[in-house]
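So the structure is just underneath, and the comments pick up after that.
The values are calculated or read from the model by the stated rules, or taken from the named source; none is laboratory data. Since the structure is predicted, the reported quantities are computational estimates derived from the model, not experimental observations. Backbone-built Cβ (ideal geometry, glycine too); neighbour counts: all protein chains shown. What goes into the accessible areas is simple: the full protein's heavy atoms, side chains included, and nothing from ligands, DNA or RNA. Shrake-Rupley method; radii C 1.70, N 1.55, O 1.52, S 1.80 Å.
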Amino acid sequence: MIVSKFGDHTPFYRQAEIYARQGIRLDRATLGNWSGRACFHLQPIADHMRQRLAMADRLFMDETTAPVLDPGRGHTKKGYFWAIVSDDRGHSGPSPPIVLFRYAPGRSGAFAEQFLDGFCGHFLQCDAYDGYDRLTEVARPQGPWTLVHCWSHLRRRFVKLARNSKSPIAEAAVRHIAQLYAIEAMVRGSSPDIRLAARREHSQPIIAALKTWFEKQLSMISSGSTLAEDIRYALNHWQGLTRFLEDGRLELDTNPVENAIRPVCLTRKNALFAGHEVGLKIGPCLRRSSPPASSTTSTRPPTSPKHSRPSSTAIPIAESKTSCRGDSAKRQASSNKGPG
């Protein structure tokens, strides 16, 4: 029942119909009750995973919608699943990959701050949603979070524009970004020192030239165009986009957490909406993400919309606080290097 619900994305009402054809009468409420009991017994595992996740120096975070029935109003309201991921396989780190889900009734950055309360990390890899900006001002013994933005999100903007308008500038931007992914492919699974050295030698000159090229193109096109908007998006988030040049553990994009969320989207498509927020709060405890195993560094072709990630275990974060018991690994030292 649980595998069908969270592994095969089969809603309880469909499972009840399947059992009924076999002569087994099970109410959806019964299936939901069993699911809640399973979550209760799995909570110690969730607590342990949260403790491991809270000690990670680098995290990924993303959110996706979770429609839920709004009793008495005749329609649904929009909730959100938030996913927090630690995945060090891109640089062959020793820690196991972990993904934890939390439910919140909204998308406010206050929920991100709440879910990360007590975490000891330094880097947060996320998209450019401004709700995460408040994390750069949060008061913690470790100091505020440092945001690392996603090249995949930027690239999608130019891919969409190139497909819709055949813009040569957008096509050129996609080719430039593809060069960065090609460099990442060469150092996939290597140690942070090797990755950082390769980025300083090969990626940093590309980054420097790309920024100059963006600024030049922006001065030559209509300021109200979609292309100008996409270029401004890149320049406004340039500091976060280029932080991967400072630490060999950082990834070029947020695909680990995006791929962890993908099964949630399949369940949402099949179930349409949840019957109650209680189910959304306990349901993630039984959710697992299990796509085929593959490499952990983003290296998709320049025009393909997605690329795969290896599997990770998903358990919801418990409400208990986790104290930091020591400093995490020291960050890689950075150096400035101009284009060659």
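Computed extension length for Ser223-Gln142: 25.1 nm, one decimal, from 0.36 nm per residue of separation with the Cα-Cα distance subtracted. May I ask you to list the residues of segment 156-177 whose amide nitrogen lies under 15 Å from a point 7 Å from Cα along the Cα→beta-carbon direction of Arg232? No residue passes the distance filter. Summed over the residues of segment 1-138 and divided among them, the accessible surface reaches 46 Å² per residue at a probe radius of 1.4 Å. Measuring only protein heavy atoms, the 1.4 Å probe finds Lys77 accessible over about 80 Å².
Surface composition of segment 44-130: carbon plus sulfur atoms contribute 52% of the solvent-accessible area (1.4 Å probe, protein chains only, all chains present). In this structure, Arg14 and Asp133 have a Cβ-Cβ separation that, at R0 = 41 Å, corresponds to a calculated FRET efficiency of about 0.50. Heavy-atom accessible surface of Val159, to the nearest 10 Å², is about 10 Å², with a 1.4 Å probe and all protein chains retained. Convex hull volume of the Cα atoms of segment 41-143, normalised per residue: 127 Å³. With θ taken as phi - 60° and the coefficients 6.51, -1.76 and 1.60, list the Karplus ³J(HN,Hα) couplings across segment 95-109 in order, rounded to whole Hz; mark glycine and proline as x. Each residue of segment 95-109 in turn: 7, x, x, 9, 9, 10, 10, 9, 9, 9, x, x, 10, 4, x Hz. The figure for Glu184 is an accessible area of roughly 0 square angstrom, using a 1.4 Å probe on the protein chains alone.
Note on exposure: Met55, Met49 ranked by accessible area (1.4 Å probe, complete protein assembly) read Met55, Met49, with the most exposed listed first.
The length gained by stretching the chain between Val3 and Glu113 to full extension, at 0.36 nm per residue less their Cα-Cα distance, is 36.5 nm.
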